[in-house]
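First comes the structure, then the notes that go with it.
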Amino acid sequence: MSGINYSEKIPNNVNLAEDRTLQRALEHWQPNYLSWWQDMGPDGSQNFDVYLRTAVSVDPQGWAQFGHVKMPDYRWGIFLNPAEQDRKIHFGDHMGEAAWQDVPGEHRANLRRIIVTQGDTEPASVEQQRHLGLTAPSQYDLRNLFQVNVEEGRHLWAMVYLLHKYFGRDGREEAEALLERRSGQDDNPRILEAFNEKTPDWLSFFMFTYFTDRDGKFQLCALAESAFDPLARTTKFMLTEEAHHMFVGESGVSRVIQRTVDMMNQLKTDDVAKLRAAGVIDLPTIQRYLNFHFSVTIDLFGADQSSNAATFYSSGLKGRFEEGKRTDDHMLKGQSYKVLEVVDGQVKEKEVPMLNALNEVLRDDYITDSKGGVERWNRVIEKAGIPFRLTVPHKAFHRNIGSLAGSKVSPDGRVISEAEWNAKVDEWLPTGEDRAYVASLMGRVVEPGKFANWIAPPVMGINRQPVDFEYIRFN
Ligand SMILES: [Fe+2]
Ligand SMILES: [Fe+2]
């Protein structure tokens, strides 16, 4: 990369053109990133011209520039939100002190771990989604998938920038390892379990971008409060992109539902076999997918009681969602919070010190936010006059992390026996048959303005383009 015009190739607002240390780190990492993209990025897409937005600066004109580009030529940039003058730490033991422009020695290991864990999820989701392009329901959807993929790639760059800039040799090693782990691989998996699951079909993809990218939003919001100012500014900018990912998920599921309820009304039936024969995804199957993605995603927030969470907060590394808007003392010592546990065959609330329960606090904020979209999906069903409601399962359902992990709990929150679980699980989580049916619908529709039979078209196109715009040139 020597002799490269950095600002042209790598749009940035971190003064890359003058920063020799950062340039040297990237000279090594960037070619490895591109070969990771070749190997693990969207399957068979290298030569497509895709109508993508690229961020070339953080101001309103610059952060969303649209045009057709080949994805390997995408200009992955490095952006921090503009600095806030004299920013102060606004929670934890260091409250009122100046925000850190460098990494304090005593917090180095924890900050590195936080950044690596966040960074690992970004390439992981690209790997999980790499085959979906082969079965896209339309050009419009294919373009949205690719947009999400290149932006997850940029989010990896954002975390790698912090590692290269502030963590020296350890940071460079961690940045390499981020390109070496692989989603779902037995001997070198991604760090968090939800990022080792498969995303085998487009219903899974839409559920993933609705639920799991929303976990991303909440983690980024908590990090955007950090006392480590470069982390706060980086994650703030990432949030502008995350909004589109969740839009892809919410509108995607909504369009699947729209198509299903239209068919239910046309055939005047709620018979699953008849609806499947007509090639749409029945509402109970959508509910089971929802149950799966919701429960797997809320595990990502970690154990309900965690001394790490307390340390991260008190030392100023990671705040709460919308920390700045809260009116308490931002120290939380002596305060309590309710977590769930199973006692005598029942799910019960237990008061614990709030500092130890901050994972649960973030999880509960996430759950409130997730319910909003589910209600909007219900309005689509309601408008069609169909007496069926989607629901978010109980927080204790199908949990694998924290104190609830060992218990079997139904979606409505009853503690049940292993035998009842086994008898009912096929009503609650996607079965092999559901997945095979959904997989059987996945064909490839690529003619502009045409959509697969199982999904309704969107209300409008991307960037005010028509729905039948040529979003992808296949060459
Ligand atoms: Fe991301
Ligand atoms: Fe995302």
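Applying the selection to the range 434-464, what residues are assigned to a loop (DSSP other than H, G, I, E, B) and open to solvent by 50 Å² or more (accessible area, probe 1.4 Å)?
444, 447, 448, 450, 453, 457, 459, 460
How many of the residues in the range 187-240 are within 23 Å of residue 113 (Cα to Cα), of a type outside the set (Lys, Arg) and not in a loop (DSSP other than H, G, I, E, B)?
24
Filtering the range 223-273 down to residues that are hydroxyl-bearing (Ser, Thr, Tyr) and more than 19 Å from residue 141 (Cβ to Cβ), which residue is farthest from ligand 2 (Cβ to nearest atom)?
It comes out as 269.
Taking the criterion of being at positive phi, in a loop (DSSP other than H, G, I, E, B) and open to solvent by 60 Å² or more (accessible area, probe 1.4 Å), would at least one residue in the range 82-98 satisfy it?
Step one: of the range 82-98, the residues at positive phi are 86, 92, 96.
Cutting the leftovers down to in a loop (DSSP other than H, G, I, E, B) gives us 86, 92, 96.
Next cut, open to solvent by 60 Å² or more (accessible area, probe 1.4 Å) only: 86.
Within the range 82-98, one or more residues are at positive phi, in a loop (DSSP other than H, G, I, E, B) and open to solvent by 60 Å² or more (accessible area, probe 1.4 Å).
Which residues, counting only those in the range 216-245, are open to solvent by 10 Å² or more (accessible area, probe 1.4 Å), within 11 Å of ligand 1 (Cβ to nearest atom) and in contact with a Phe, Trp or Tyr (Cβ under 9 Å, 6 or more places away or on another chain)?
217, 219
Restricting to the range 352-381, name every residue that is within 23 Å of residue 315 (Cα to Cα) and either among the basic types (Lys, Arg) or part of a strand (DSSP E or B) (or both).
If the condition is that a residue be within 23 Å of residue 315 (Cα to Cα) and either among the basic types (Lys, Arg) or part of a strand (DSSP E or B) (or both), then 352, 353, 363 are the ones that fit.
crowded, with 22+ Cβ neighbours inside 10 Å and more than 13 Å from ligand 2 (Cβ to nearest atom): which single residue out of 142, 156, 134 fits that description? Steps first, answer last, please.
Numbers: 156 fails: more than 13 Å from ligand 2 (Cβ to nearest atom); 134 fails: crowded, with 22+ Cβ neighbours inside 10 Å.
Answer to the selection: 142.
Residue 403 fails exactly one of the following numbered conditions: (1) open to solvent by 40 Å² or more (accessible area, probe 1.4 Å); (2) assigned to a loop (DSSP other than H, G, I, E, B); (3) more than 24 Å from residue 194 (Cα to Cα). What is the number of that condition?
Failing condition for residue 403: (3).
Go through the range 233-278 and give me each residue that's among the hydrophobic types (A, V, I, L, M, F, W, C) and within 30 Å of residue 58 (Cβ to Cβ).
Those that are among the hydrophobic types (A, V, I, L, M, F, W, C) and within 30 Å of residue 58 (Cβ to Cβ): 237, 238, 239, 243, 246, 247, 248.
Return a yes/no flag: does the range 268-279 have any residue that is buried (at least 21 other Cβ atoms within 10 Å of the Cβ) and modelled with pLDDT of 95 or more.
So far as the range 268-279 goes, no, none of its residues is buried (at least 21 other Cβ atoms within 10 Å of the Cβ) and modelled with pLDDT of 95 or more.
How many residues does the range 406-433 hold that are outside any loop (DSSP other than H, G, I, E, B) and either farther than 23 Å from residue 294 by Cα or not β-branched (Val, Ile, Thr) (or both)?
12
Is it true that some residue in the range 160-169 is under 11 Å from the mean Cα position of the chain (by Cα), assigned to a helix (DSSP H, G or I) and either modelled with pLDDT of 95 or more or surrounded by fewer than 18 Cβ atoms within 10 Å (Cβ to Cβ) (or both)?
No, the conditions are met nowhere in the range 160-169.
Hey, among the residues in the range 290-340 that are more than 18 Å from residue 93 (Cα to Cα) and basic (Lys, Arg), which one's surrounded by the fewest Cβ atoms within 10 Å (Cβ to Cβ)?
Applying the filter and picking the extreme gives 325.
Output the residues belonging to the range 339-371 that are touching a Lys or Arg at 6+ places or on another chain (Cβ under 8 Å), polar (S, T, N, Q) and farther than 17 Å from residue 398 by Cβ.
none
Of all residues in the range 104-131 being over 18 Å from the mean Cα position of the chain (by Cα) and basic (Lys, Arg), which is farthest from ligand 2 (Cβ to nearest atom)?
Result: 108.
Within the group 212, 199, which residue is within 26 Å of residue 55 (Cβ to Cβ), within 13 Å of ligand 1 (Cβ to nearest atom) and not small (Gly, Ala, Ser)?
Matching residue, one of 212, 199: 212.
(1) open to solvent by 30 Å² or more (accessible area, probe 1.4 Å); (2) over 28 Å from residue 472 (Cβ atoms); (3) not polar (S, T, N, Q): which one isn't true of residue 31, the others all being true?
Just one mismatch for residue 31, condition (2).
The values are calculated or read from the model by the stated rules, or taken from the named source; none is laboratory data. All values derive from a computational prediction rather than experimental measurement. Cβ sites come from the backbone with ideal geometry, for glycine too, and all protein chains shown count toward neighbours. SASA here: full protein model, heavy atoms, side chains in, ligands and nucleic acids out. Shrake-Rupley method; radii C 1.70, N 1.55, O 1.52, S 1.80 Å.
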